[in-house]
Amino acid sequence: MAHMLFLQCPECDDVKPSKVSPRDFARLSIGVTEGGDLHIECVRHGTVIAHIPNHELGEELFRISSNTCKCEGHAKEASH
């Protein structure tokens, strides 16, 4: 397995119970902006964890999510 670095909210790290892993405590929202940038933010604190301007990456992620997401109302939003 490849070594991975995980993104986490520094504010969550300050309030996370010691017996809970950062992975289990995380509440991240990951999306793609209209411009194709990857945007990751903490749902709990509203903190932007990463904003990666990469049109090719964003376009591919948007394509994948619009074909696989079964969220209510997603298909309507994706078609605009």
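Below are the figures for this structure:
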{"quantity": "Surrounding net charge for residue 26, when Lys and Arg each add one and Asp and Glu each subtract one, Cβ distance under 14 Å", "calculated": "-1"}
{"quantity": "Extension reserve of the residue 13-residue 25 stretch, reckoned as 0.36 nm per residue once the Cα distance is removed", "calculated": "3.4 nm"}
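No value in this document is a laboratory result; all are computed from the given coordinates. Only a predicted model underlies this, so the values are computations on that prediction, with no experimental measurement involved. Neighbour counts are summed over all protein chains in view; Cβ atoms, including those assigned to glycine, are modelled from backbone coordinates with ideal geometry.
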